[in-house]
1. Has the stretch A:265-276 got any residue that is within 14 Å of chain C (Cβ to nearest Cβ), in a helix (DSSP H, G or I) and in contact with a strand residue (DSSP E or B) (Cβ under 8 Å, 6 or more places away or on another chain)?
2. Residues that are in contact with a Phe, Trp or Tyr (Cβ under 9 Å, 6 or more places away or on another chain) and either more than 14 Å from chain C (Cβ to nearest Cβ) or modelled with pLDDT under 80 (or both): does the stretch B:255-267 have at least one?
3. Sort through A:Ala29, A:Ala65 and tell me the only one that's surrounded by 14 or more Cβ atoms within 10 Å (Cβ to Cβ), part of a loop (DSSP other than H, G, I, E, B) and either on the phi > 0 side of the Ramachandran plot or of a type in the set (A, V, I, L, M) (or both).
4. If I ask for residues that are surrounded by 13 or more Cβ atoms within 10 Å (Cβ to Cβ) and acidic (Asp, Glu), which ones from the stretch A:269-307 would you list?
5. Quick check: is even one residue across the stretch C:276-297 acidic (Asp, Glu) and buried (at least 19 other Cβ atoms within 10 Å of the Cβ)?
6. What pairs come out if I take residues in the stretch A:143-154 that are within 14 Å of A:Asp99 (Cβ to Cβ) and pair them with residues that are surrounded by fewer than 20 Cβ atoms within 10 Å (Cβ to Cβ) and charged (D, E, K, R) whose C-beta lies under 7 Å away, six or more apart or interchain?
7. Scan the stretch C:70-80 and give yes if some residue there is closer than 30 Å to C:Phe239 by Cα and either in contact with a strand residue (DSSP E or B) (Cβ under 6 Å, 6 or more places away or on another chain) or part of a strand (DSSP E or B) (or both), otherwise no.
8. Which of the residues that make up the stretch C:124-147 are outside any helix (DSSP H, G or I) and either in contact with a Lys or Arg (Cβ under 8 Å, 6 or more places away or on another chain) or of a type in the set (A, V, I, L, M) (or both)?
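The values are calculated or read from the model by the stated rules, or taken from the named source; none is laboratory data. Since we're looking at a predicted model, the values are computed, not measured. Note that we place each Cβ from the backbone using ideal geometry, even for glycine, and neighbour counts take in every protein chain shown.
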Amino acid sequence: MTALLEARGISRSYRLRRGILGGSVEVRAVDHVSLTIERGRTLGLVGESGCGKSTTGRLALGLEAPDSGEVRFDGAPMPSPNSAEWRRSRARMQMVFQDPLGALDRRLPIGAQVAEPLEIHGLDTTRVIPLLESVGLRRDHADRYPHELSGGQRQRAVLARALATDPAFLVCDEPISALDVSIQAQVMNLLTDIQAERGVGMLFISHDLRAVRQVSHRVAVMYLGRIVEEGEPDAVLHRPAHPYSRALVSAIPQPRRAGAKFAPRIVLQGDPPNPADRPSGCAFHPRCAFATEICRAVVPELAPRASDGRTVACHRADDDLPAEAWTKPLERVA
Amino acid sequence: MLRFTATRLLRAAITIVMVVTFAFVVLRLSGDPAQIIMGADAPPEAVDAFRTAWGLDEPIWVQYISYFGAIFSGDLGRSMRDGREAIVLVLERIPATLALTVPALVIKLALGIPAGILAALYRNSALDRAVMMFAVAGFTIPSFVLGLLLVLVFAVQLGWLPSGGQESWRHAILPVITLGIGGAAALARFTRSAMLEVLGQPYIRTASAKGVAWRRVVANHALPNAAIPTVTIIGFMFGSLIAGAVVVESVFSWPGVGRLLVTAVSNRDLAVVQCILLLVAMTMITANLVVDLLYGVLDPRLRGGARKAEA
Amino acid sequence: MTAPLVSLRDLHVSFDGQPALRGIDLDLARGEALGLVGESGCGKSVTWLAALGLLPGKARITGSVTLDGQELLGAPTSTLERVRGGRVAMIFQDPASSLNPVHRVGTQITEALALHRGITGAAARAEAQRLLDLVGIPDAARRVDAYPHEFSGGQNQRVMIAMALAGDPEMLVADEPTTALDVTIQAQILELLRALRRERNMALVLISHDLGVVADSCERVAVMYAGRIVEEAPVQRLFDGPAHPYAQGLLGALPPLDGARRRLSAIPGGVPEPWAMPKGCAFAPRCPARMGACEAEMPGDIPVGPAHRAACLRVSPARQHAMQPA
């Protein structure tokens, strides 16, 4: 059986103007990304701002066509944006954004907004109330306007609308980062329930590793447009193979218990690099404690490493890289 | 910078061409200048002779091209009324117009900006409500209504000031006030909302949290930021120094550029109308250019060369 | 025990008659790091803006805020202006918009230097440079003349910290200082705050919605809900054994990093609106352990253990008893 969604070597570049006067530069937002999402499973995509995770989400959803590479949905190539076939395909894949208030039309009651996709695709509009109830909203919420709902309720309304056409594939782009902690938990539980009931495949885009571990079956870590590591959530979180994943995991703030089994905190120096000014070779090398000559020159391929088959894009994947190399204190402060 | 200036100049040229073309087309479509100037009962031979003299018998596109050719060689044409050079006619009216618009601009700035700032600083106070009432009134009452009202009160009822003409400085008072109040109201509203926007910004709170006294927060942190959007409307006011008094000049029979324009339009005196439009378009464009350059001075984010650091 | 640096007593704040803070009692010792956690609208930021007189005029504030025994509520403006940015500095959530876009960062730092340390001119510029260097801005000598938009988000937060340090404060209030930043940059900023605090023995109030951030950087935590502190405890105690059902709920809502993945114990419902505040415990409508008495009256603070208190009727009296000698 084919995967629900398969992206093979997709790339996408944008032209970015520099200032009012400067010329434009090409920014490679997504660079040779391959990913697979199975039915009823979730792939978590983590990375920092500007790493290309949202662009990857739009490419996976077919909202944009990649410059090169191919996206296949249910075994067939993704139709090109705005074609008739593409419009029909929209019913089967949906997106949920970070800001639920921005995603909803303020002038329409919730019920009408959930009914809209049903009308567009010629489906039964009496399903609105059951849909609202399935995401934990009440019948009377149908008549309310977005501003009358709380943040969590709005995100539920967005989910109800996304689920209206019974999609097989859902892209959730930072769906919980605008919500309070207790509400985040509600939405994560809801996503897990929806998946268990309907068997949707999900791409869960987030900067929050805790959230990604909670909802995902596999995790991909992105850095400057490329996936640098991919694997089981617990493998990536507990024994990260790529130096960047190690730094990312180490940066998760948490209580420091006595006798904790976590490695000492790694504090990466410098800012995430600018996608318009991509370092040569491995894009992470300027911030990496283990970079060698080859890292500066050659882009490492994402491939299973020899020792244990973990998928990682690092020239030093099979070397023993001591954590101590990272933990230089902030020299300027000391 | 060169590229910036070049694109701005090109855009300005295109605007001027469009303005002149528009005037040309509208005036030609709305009546026969020869007939209007010669009068309805003029003998047809005389009208035809007039047409030939002014080139009005040529096909319209030939007239259009020859008109542009003349403009580029610096010839703005002659008045069809009295045969004098259009540019001379217009230029001799400019001092009269400026005698109204410059004092009016001073009133707008001196009244509108402080009123807007104070209204924002004392939001929801009686002062704010008074300013806003004044602003809404000044904004909604058309200048001819306001002008006539002032004439009724100060000229007819009280007899303090003359109702029209240009004999003395006292004749200028009512038209200047009429012009000034409307603009001050608009500027007060605009300044108020720009200030309110800025006062709500986090950096204002940062300045207070740093221990800066409120007066200094306003003067040093709020005003420079609120000035950025406000220069747009002030620039527009500078741009309308020449053409901004059309209605008021007519109400007060003030012999400025505005009245010349009204007369020239009703006479279909093409060269004069187009000369005025050209002048107006050029002042507007110059004002806009100055505003753009001012943005660069006021807002470091818009200055060229600055780039986000990648450290 | 030495006198606290800052004491809040029965601090109430309301906006247009709607309560935002409903009686805050809190002490902060010199050099101590206190975390203030809670969800949006719980009043965690309002508490410190009120304490420093930074709320808009329509806010009604009652109670007491003392700094070293000196009352700040109702104090003359000149006193408050010396305290703000001098003894108590603040940094905010969104560093990019918290800096004035039209002034050079150096100017913004020297403004504070002139106000609180009387340093001006070339000496101020040199000190601004030193501060930028101290917070880890590379090439500070040149960057002192740069504008905020020429820095990244993380660097802007460093600039904010440099500006906060300009007055040599005894206490720093950091209001969600890393919320707008990426994870690895967040780690940098927290590390910087920790190092600065160690060096200067500066007290820190870290306001955050993120329990992890607070746990990572603070010694003591106060959990706020609907304008009140519902639990206060040393960090370790709170994470090991939260007493208040709301604190328990918050911890249960945080996805674990290890162990079996479990369904998150999401707190049902949402925060009460200020105009519809329950008469009794504000958390009662969402509380799994609610009893009749909870809805009748607002619970007072009940000691749970050493330096540990919770505002909940369900807190075990046995532990309360054991606590008495302390």
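1. Looking for residues that are within 14 Å of chain C (Cβ to nearest Cβ), in a helix (DSSP H, G or I) and in contact with a strand residue (DSSP E or B) (Cβ under 8 Å, 6 or more places away or on another chain), one finds at least one in the stretch A:265-276, hence yes.
2. The first filter runs over the stretch B:255-267 and keeps only residues in contact with a Phe, Trp or Tyr (Cβ under 9 Å, 6 or more places away or on another chain), leaving none.
No, every residue in the stretch B:255-267 fails to be in contact with a Phe, Trp or Tyr (Cβ under 9 Å, 6 or more places away or on another chain) and either more than 14 Å from chain C (Cβ to nearest Cβ) or modelled with pLDDT under 80 (or both).
3. A:Ala65
4. A:Asp271, the sole residue that qualifies.
5. Looking for residues that are acidic (Asp, Glu) and buried (at least 19 other Cβ atoms within 10 Å of the Cβ), one finds none in the stretch C:276-297, hence no.
6. Cβ pairs passing all conditions: A:Pro146/A:Arg106; A:His147/A:Arg106.
7. no
8. The initial filter retains those residues of the stretch C:124-147 that are outside any helix (DSSP H, G or I), namely C:135-139, C:144-147.
Selection gives C:Val135, C:Gly136, C:Ile137, C:Val144, C:Asp145, C:Ala146, C:Tyr147.
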